[in-house]
Structure formats: structure tokens, C-alpha cells
Amino acid sequence: MLKKTMRPRAILSNIAVFLSGIFIALLVSNTANLNNNNNSNNDYHYNALYSSSQTRHHEANNLANDDGSERTTSVNDHLPPSTVVLETKLITTQELKKKYTTDINSEVYGNNWNLGCSDLAGLAPYIRIVLDRLFHGDGKRQLIFDVGANNGQDASTILGIFQPVIGMCEGVLNNNVKVISVEPSPMVFCQLEDMVKDRKWTDSQILRLNIGLSNTSGVFQFADPGHEGGSLNTTNKVTDISHDTNTGGEGDEHFKQITSCRIKNHSALEIDEGRVTEVPTYTMDELVSNVLPSFDYGEMYDDNILTLKIDTEGHDIFVIKGANQLLADKRITFVIFEVWSNANLKAIAEFMDQHDYLCFLIYPKMLVPVHPVDWWYPHLDNHTDVYWGNGFCGIRSSLALSMLYKAFHADDDFLLGAYDLLMKRGF
């Protein structure tokens, strides 16, 4: 029987592979040292993996010749086309602010539809990523509040994007959500109920509440024209809410009233800009702590809120202030709100910052940080016209915010590398 032997050429090939491995290891170590030696308070080095076949050549080391002159080598020149190397770039706060300022100047103007249409629908797929990664397998439904639910468009988006995976992977990605839709207009609430029936949504999927939310509670007047343009007036309280929040007795009758359409033949009623109704109104803190426990969910639900989406025709700041304790306890992961003016945007960003949340303006392909000091832009102070946009806030430096931000900017290396810099305070 012949004994197999390794040919000299094969031996040399194995040695070459071994030496190449040592060279790459030294190269990565040297690049990491460059990162450590060049850190500064306002600069951030980020690492991204690139293939040398993409011909992204860069300078890895600055070496000195014998005569003292500077000599530059590029690591990609020494590596085969399939090799993945570590590229180091430098981002400064000045570069970031210049980029964001340019975008703010060009995108923020009166009645801006590009900003206005980028709200929950634009962020929902990325929130779904956070849901599946951080909460899968815990057996609890995650709560998404749809405040200013209108006739159910956002509820339709939520229940479509967040539907459970059915099939072989049912046990892996089966996190359902429960939508809690809040709509103060009795007429529009009836339209929401119509959509629930048409879509055959169940009570375990969506709870509908015909109430208002603000920073105070009581019965208040609501301008109710019969479309999405209604507004809550909390200047003068009509009366206190007098009911038992426990199940049984008077409380049950109250809850029947706020969870059902009470207008007969509502589809036949015309729009009336002068119509005014009276609406029971709560704070988010009170709704979550006192009212919701009165409903028998019949399933396990997370005590925290995955997303609080608000669209209340300029009343958003009051809804947010009514969630003061929930925000202080970090029980709300994400907040999405509507922007009508710079003063409103600044007030929300400042209030959220006090609770250690960082806010952004939502662009179709970018989240622009907004902070009353660190990330504010001259154009916003000089721009006096009302514009329409949407904002988003997440808990500063949280894993959930990191995942959403990086998924949203996955195709932009520059903005990906800026995340840690955005989490800093006081430049």
C-alpha cells in the first residue's frame, strides 16, 4: 500500500497561508491601536468592514523613511481581493452638525409633506426588529398606544406590520402586540369601530377608547367637526370624572360608554365645524395605572409600553407631560409625536431630555437629532412658518434605541458611525 506524502509545493502553500494569517492579525491590532491613540472629547472613531475588492483604498499607517520623510502605505495593496480589512474613519461633531444643518435648511419649510408623511408607518418596520430581537419568547403582548387614532389608519399599519409569524417559526417570532387606540371625537370613534368590524379585528388585538388624553383629567369640551381636525380644550373643566374605576357597579357603565359607538346613523351626519362635545379626559399616567387594569385582558401583557404614538392636532406636548411618571420610570420605549412649530418641537425635546430621552426629526432616510442645546439649528429659530413634521424619541443610550437607529441607517456608514457621538452630552 502506497503511503501518501505531501508535495513540497503544498508545504510551501500551507506556510504561506499561515504567514498571511499572522500578517492580518498584526494589521488588525495595529489599526485598533490607531483608534486608541486618536480619541478626543469631540471626535469619534468608528470601524466598518469593507472588502478590498471594492477598491476602497485608505492609508493605514504613516511610516518614516530613512531620511525622516513621511512614507505612506495602504494595507489593501498587500492583501488578496477577498480579504476583509478594518477601516478607520474620523467623525467630528462639526461635521455632523454641518450635515444636519444642511438638511434642516433644505427640508424644513412651510407645509412640508416629505416630513409629515414619515411617522409611524416609516418607523414601524424598525420597531418590529426591536420587538423580535429584545422581547421574543417572553409570552407577553407588547402595548402600542395609538393616541389620536382617527378612523384606524395607524392601527391598520400596526396590526399589519406586527402580526405574528405563522408556520414553522411560530414559536420563535410570535410576539403579538395589543393596540390601544384613543380617539376623543365621538363621530370619528364610530368610524374607527366600523373599520374594526370590516377588518374583523378582535378585542385582544385592539382596545378602543373614546376619551381624551392630556396633562390633566376631567370632562372637557372637544371641538368635534366630525373629521381628524378636532381639538381638545382643557382651559375650562366642565366637571370631574365621577365614576368607580373598579369593575362592577358604576364603573362598568362608564367603560361601556367609552368603548362603544354611541351615535346612531353616524355615517349620515355631515361635517359641522361648529359642533362641540364633552369628552372624559385622562393623563397617560392615570390611564395606565387606574383605568386599564379595569379591563380583563385575558392574556399576559408587558407592564411597559413599546411605543406611544401621538397625533392630537397640536396637543401632543400635553399628552407627553401627562405621561411624566411613565417616562421617569423608563416604562415607554419609544415616543412618536407630530410637529407643528419650532416652539412645540423645542418644548418636547427639552421635556424629554429631562427624562433622559433623545429626540429626532423623522426624515424618510435619516433621523436628525433634536436637542435644545446640543442639537439645535439656526434655521429652526429663524423659520417662522408653521410646518408639518414628525418626531421620535428613545431612551438615551438604550439597547432599543441603538438597534433602531442602526437598522434605520444601515446603508449609511457615516451616520452609523455617528451613533456614540450622538449619545454624548454638552459639546
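Here, each number is a calculation from the coordinates, and none is a lab measurement. In this text the structure is predicted, and so the values were computed from the model without any measurement. Ideal geometry is used to build each Cβ from the backbone, glycine not excepted, and the neighbour counts take in all protein chains shown.
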Calc'd 3J(HN,Hα), the range 197-211, phi into Karplus 6.51 cos²θ - 1.76 cosθ + 1.60 (θ = phi - 60°), Hz, glycine/Pro = x, comes to 5, 5, 7, 6, 6, 9, 5, 6, 8, 8, 9, 10, 10, 8, 9
Taking neighbour counts of Cβ atoms within 10 Å as a proxy for exposure, in what order, fewest first, do Val108, Val370 appear?
Val108, Val370
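So, by mean Cβ neighbours within 10 angstrom, what's the order for 182-192, 312-322 with the highest one leading? Don't jump to the answer; show the numbers that get you there.
On the way: 182-192: 24.5, 312-322: 20.9.
Per-residue mean Cβ counts within 10 Å order the peptides as 182-192, 312-322.
Give the whole-number value, in cubic angstrom per residue, of the convex hull volume spanned by the C-alpha atoms of the range 315-369. Display every interim value, and only then the final one.
On the way: hull volume 4.3 nm³, N = 55.
Cα-based convex hull of the range 315-369, divided per residue, equals 77 Å³.
Once you've got the Cα coordinates, tell me which of Lys256/Lys346; Lys178/Lys346; Lys98/Lys321; Lys237/Lys321 are over 29 Å apart.
Details: Lys256/Lys346 39 Å; Lys178/Lys346 31 Å; Lys98/Lys321 32 Å; Lys237/Lys321 18 Å.
The answer is Lys256/Lys346; Lys178/Lys346; Lys98/Lys321.
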In whole Hz, what ³J(HN,Hα) sequence does the range 127-134 give by Karplus (6.51, -1.76, 1.60; θ = phi - 60°), x for Gly and Pro?
5, 4, 4, 4, 4, 5, 7, 9
Cα-projected label distance for Gln163 with Ser294, points at 7 Å along beta-carbon direction, nm:
3.4 nm
For Thr281, which sequence-distant residues (separation of 5 or more, or a different chain) have an amide H within less than 5 Å of its own amide H, given hydrogens modelled in the peptide plane?
Gly212, Gly218, Val219, Phe220
